[in-house]
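Have a look at the structure below, then the notes.
What follows is calculated from the coordinates using simple rules that are stated; it is not laboratory data. Note that the structure is a prediction, hence the values are computed from the model and not measured. Glycine also receives a Cβ, built like all others from the backbone with ideal geometry; neighbour counts cover every protein chain displayed.
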Amino acid sequence: MTSALCPGSFDPPTLGHVDIIERCAAVFDRVLVGIVENPSKAPLFAASERQALLEDVFREFPTVEVATFQGLLVDFAGSQSVDVVVKGLRGVGDFEYELQMAQMNHELSGMDTMFIATNPAYSYLSSSLVKEVARLGGDVQKMLPANVYAALKERM
Ligand code: ADP
């Protein structure tokens, strides 16, 4: 059985995240979505709220689990016995950062990282930009799962 960890902030989860996790679930026997708890970054949604939103999005995917974690990604990955970390790549900006992270994580623990190229329909999407646009009154409905859009509207 092969298992993958899809880590991120998911504050909030977008359709770009959902696409990567779904494609990951089509390849791996088990997918663990790991939500980074980073209270110092003052997230819009608490980690437990992000977890509930993602659990709702993936409720019909029996092989997808959602958990939160603090600390080093490789420590969490090791404690959950995952085989590989999977990340989405939107463009060269992601690539430069993710390459460095992947090499650091491999150096720290031997854990490999695999990349899935973004669906071009979502390559412009990031959680931070969605929040900024929503704050300024822009329409972000098409960019989010329905439950996330509802939660964001309420939070704003
Ligand atoms: P963001 O950059 O949107 O704040 P996260 O830190 O939650 O996202 O990212 C988690 C993972 O999801 C990263 O691997 C990131 O590259 C990927 N990701 C985020 N948005 C997209 C997207 N629109 N398409 C593909 N991958 C994405």
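Tell me, what HN-Hα J-couplings in whole Hz come from the Karplus equation 6.51 cos²θ - 1.76 cosθ + 1.60 at θ = phi - 60° for each residue of the range 100-111, using x for Gly and Pro?
My calculation for the range 100-111 gives 4, 4, 4, 5, 4, 5, 5, 5, 5, 9, x, 6 Hz in order.
Considering amide H positions built from the backbone, and no H for Pro or chain starts, which residues 5 or more places from Ile116, or on another chain, come under 5 Å of its amide H?
For Ile116, the qualifying residues are Lys87, Gly88, Leu89.
Antiparallel as a % of all DSSP beta bridges within the chain, to the nearest 5?
If I count the DSSP bridges inside the chain, around 0 percent turn out antiparallel.
Can you give the calculated 222 nm mean residue ellipticity of the chain, where each DSSP H run of n ≥ 4 adds -39,500 (n - 2.57) and the sum is split over every residue, rounded to the nearest 500 deg cm²/dmol?
Calculated mean residue ellipticity at 222 nm is -13000 deg cm²/dmol.
Just to be sure I understand: if I project the alpha-carbon convex hull of the range 1-64 onto a plane and average over all orientations, what area do I get in nm²?
Seen from a random direction, the Cα hull of the range 1-64 projects 4.1 nm² on average.
As a footprinting exposure proxy, order Asp94, Asp139 by other Cβ within 10 Å, with the fewest listed first.
Least crowded to most crowded, the residues run Asp139, Asp94.
³J(HN,Hα) across the range 13-21 via Karplus (A = 6.51, B = -1.76, C = 1.60, θ = phi - 60°), whole Hz, x for Gly/Pro?
x, 10, 5, x, 4, 4, 4, 5, 5
If the label point is 7 Å along Cα→Cβ of Leu108, which residues in the range 58-78 have backbone nitrogen under 12 Å from it?
70-78
Specify the angular offset, from 0 to 90 degrees and rounded to the nearest 10, of the alpha carbon long axis of helix 47-57 from the longest principal axis of the alpha carbons in the chain.
Approximately 90 degrees, to the nearest ten.
Can you work out the FRET efficiency for the pair Ala67 and Phe95, with r the C-beta to C-beta distance and R0 = 25 Å, to the nearest 0.05?
With a Förster radius of 25 Å, E is 0.40.
Over 23 Å, how big is the tail of the calculated P(r) for the chain, in percent of all Cα pairs?
Pairs farther apart than 23 Å: 35 percent.
What is the mean projected area of the alpha carbon convex hull for the range 73-156, to one decimal in square nanometres?
Approximately 6.9 nm², given one-decimal rounding.
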